[in-house]
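Before any comments, here is the structure.
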Amino acid sequence: MAIIDAEGAILGRLSSIVAKRLLNGEEITVINADRILLTGSLQDNYRQYYSAYNKGKAIKGPEYPRLPDRILRRTVRGMLPFKTARGRDALKRLHAYIGAPKELASETPEKVALAQAGKRYITLVEVSKLLGAKVNE
């Protein structure tokens, strides 16, 4: 089981790396999902996520999450063939957490897809709070 620390990682790059490793059969746990970075301005990212969240109804869908760990899972799901058995099994091997659970505190996580200096970033928890999620930092 691989543990990935998502602090300072860019959402799309992290998701593509995680999706490839899930398809190879690894079980992956992502911690600190609330500290994942999105490039661009807060208004642009909020507008994009709000339009995705507001698209459907609760009964008919599509259901789009507000919490940071669920947004990460949804992004990875978009990079997997989730309508096949292989993709569904791969998504079941992904575990995402807001913060770091106590049972994983003794293990050393790996860092992947870190952001570059000099660009404009916002965290996933900022967008989640604007969407109405009740998240404690």
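Listed here are the residues, each with its yes/no results for (1) in contact with a helix residue (DSSP H, G or I) (Cβ under 9 Å, 6 or more places away or on another chain); (2) farther than 17 Å from Leu38 by Cα.
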position	(1), (2)
Pro65	yes, no
Pro68	yes, no
Phe82	yes, yes
Ile98	yes, no
Thr108	no, yes
Gln116	no, no
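Kindly indicate which of Leu11, Leu22, Leu37 is touching a Lys or Arg at 6+ places or on another chain (Cβ under 8 Å), buried (at least 18 other Cβ atoms within 10 Å of the Cβ) and closer than 29 Å to Lys102 by Cβ.
Result of the check over Leu11, Leu22, Leu37: Leu22.
Determine, yes or no, whether Gly99 is more than 23 Å from Gln48 (Cα to Cα), touching a Pro at 6+ places or on another chain (Cβ under 6 Å) and not acidic (Asp, Glu).
no
Kindly indicate whether Leu104 is in contact with a Ser or Thr (Cβ under 8 Å, 6 or more places away or on another chain) and within 17 Å of Glu27 (Cβ to Cβ).
yes
So, in segment 46-82, how many residues would count as being modelled with pLDDT of 85 or more and either within 15 Å of the chain's Cα centre (by Cα) or aliphatic (A, V, I, L, M) (or both)?
The number of residues fulfilling the criteria is 16.
Could you count how many residues in segment 92-125 are touching a residue at least 24 places away in the same chain (Cβ under 8 Å), surrounded by fewer than 17 Cβ atoms within 10 Å (Cβ to Cβ) and part of a helix (DSSP H, G or I)?
Here the count works out to 1.
Looking at segment 1-57 only, could you name the residues that are closer than 20 Å to Val125 by Cα and basic (Lys, Arg)?
Those that are closer than 20 Å to Val125 by Cα and basic (Lys, Arg): Arg13, Arg35, Arg47.
The values are calculated or read from the model by the stated rules, or taken from the named source; none is laboratory data. In this text the structure is predicted, and so the values were computed from the model without any measurement. Because the Cβ atoms are built from the backbone with ideal geometry, glycine has one as well, and the counts that use them run over all protein chains shown.
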